[in-house]
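Visitor: Take this structure, written in structure tokens, and hold onto it; I'll ask about it next.
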Amino acid sequence: MRLIQFSRNGQRGVARIEGAKAITVPNAASVIDLAQSALVGNIKSLANEVIGRGDGEVLDYAALIAANALLTPVDHPDPAHCLVTGTGLTHLGSADTRDKMHQNVAGAAETLTDSMKMFKMGLEGGKPKGDQPGVQPEWFYKGDGACIAKPGAALEFPAFALDGGEEPEVAGIYLNAPDGQPWRLGFAIGNEYSDHVTEKQNYLYLAHSKLRACSFGPELLLGDLPESVEGESRIYRDGKLLWKKAFVSGEKNMSHTIANLEFHHFKYRQFRRPGDLHIHFFGTATLSVGDGIVTQPGDVFEIEAPAFGAPLRNPLGARANDEFLIGGVKTL
């Protein structure tokens, strides 16, 4: 089952997607409301909660997309209670591009960079057997819910940014129950979007490079993630295809299990605060910057994987005009 959130005539709604149809869920303004109802009602299944509500109005899905009516497939009414995070060096095809960005050309050929050391650790210990956790992955913070751009909306290009590049990734979506137990609502395809030029200067700038916008959706896939996810990442400039490349995800193509990534995120008590929503990106295997692409405002990123339904499209916004960069911090 795949769900969307939309806004039409000033009213929010939720619908499940069946082919070209968007079948609305009666008396549902948000996915998070449905999830909370499932938890309170002890149903413990978002899909069963949706089915139990019955069928509402049937809408034309393509018309909703054309009208730019789609919202992020899940959101929190208070953006401060939505945390956006991620993990890298988790995919079997991702280390080469990342390592080229950080390798020390003056070092010995047999010397591994920190990136390759981390990737090697994942290969050796990211898929543990039994109930014991495996090796912890790289981890980063992107922001709260305010950094999320809905499908179709522009990704902010900060005035100080050196680059704005796409990162096609699968994201896990989680809601913490009143007792703090994290519950996975589903998965979505996303554009984690980072500043790869800033990161390339020094790996310790990774944290800075990740403090950017992101997007995911437009659909939320309920249930388990397919073992292998195949898709394509594209960039359009002036309406013409500039670049495209296939990407893969899913545990078959990863050096970590989803459960291991989840454990090492939610093991921190501060991430189990009741009521919080978490968007956690699982890493990428494909970057256009690795092929020498330099993006510019107006470029349109398109990320598509059939398992997630409709593609995710977001343009790169114009350079932001940030007055803070001139005025700085003031004394009160």
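Any read-out appearing in this document is the output of simple, stated calculations on the displayed coordinates, not a laboratory observation. Bear in mind the structure is a predicted one, so any value in this text is a computation, not a measurement. Please note: Cβ atoms are built from the backbone with ideal geometry, for glycine as well, and neighbour counts cover all protein chains shown.
Visitor: Rounded, prolate or oblate: which fits the stretch 173-253, taking a ≥ b ≥ c as square roots of the Cα gyration tensor eigenvalues, rounded meaning a/c under 1.5, else prolate when a/b beats b/c?
Guide: Values: a/c = 2.04, a/b = 1.30, b/c = 1.57.
Oblate is the answer for the stretch 173-253, as a/c is 1.5 or above yet b/c matches or exceeds a/b.
Visitor: State to the nearest 20 debye the size of the charge dipole of the stretch 1-71 about its Cα centre, where the only charges are +1 on K and R beta carbons and -1 on D and E beta carbons.
Guide: That gives a dipole near 120 debye.
Visitor: Follow-up question, since we're still on this one. With a ≥ b ≥ c taken as the square roots of the eigenvalues of the C-alpha gyration tensor of the stretch 75-321, please select rounded if a/c is under 1.5 and otherwise prolate if a/b is larger than b/c or oblate if it is not?
Guide: In terms of gyration-tensor shape, rounded.
Visitor: In addition: Label-point separation (nm) for residue 228 and residue 320, each offset 7 Å from Cα along Cα-to-Cβ?
Guide: 4.0
Visitor: Given the DSSP H assignment, sum -39500 (n - 2.57) over each helix run of at least 4 residues in the chain and divide by its residue total; what's the result at 222 nm in deg cm²/dmol, nearest 500?
Guide: Using -39500 (n - 2.57) per qualifying helix, the result is -5500 deg cm²/dmol.
Visitor: Which value in nm describes the separation of the simple spin-label points at residue 11 and residue 205, placed 7 Å from the Cα toward the beta carbon?
Guide: Between residue 11 and residue 205, the simple spin-label model gives 5.0 nm.
Visitor: Sorting 14, 25, 58 on the 10 Å Cβ count, fewest up front, what's the list?
Guide: 58, 25, 14
Visitor: Let me ask you something else. I need the trypsin sites (Lys or Arg not before Pro) found in the stretch 24-100, filtered to DSSP loop residues with at most 16 other beta carbons within 10 Å of theirs.
Guide: 44
Visitor: Something else now. So what is the relative contact order for the stretch 1-71, in percent, with contacts set as C-alpha pairs under 8 Å and at least six apart?
Guide: Working: 107 pairs, mean separation 24.6, N = 71.
Contact order relative to length: 35 percent.
Visitor: Each label point is 7 Å from the Cα along the Cα-to-Cβ direction; what then is the distance between the points at residue 129 and residue 42, in nm?
Guide: Here the modelled spin labels are 3.8 nm apart.
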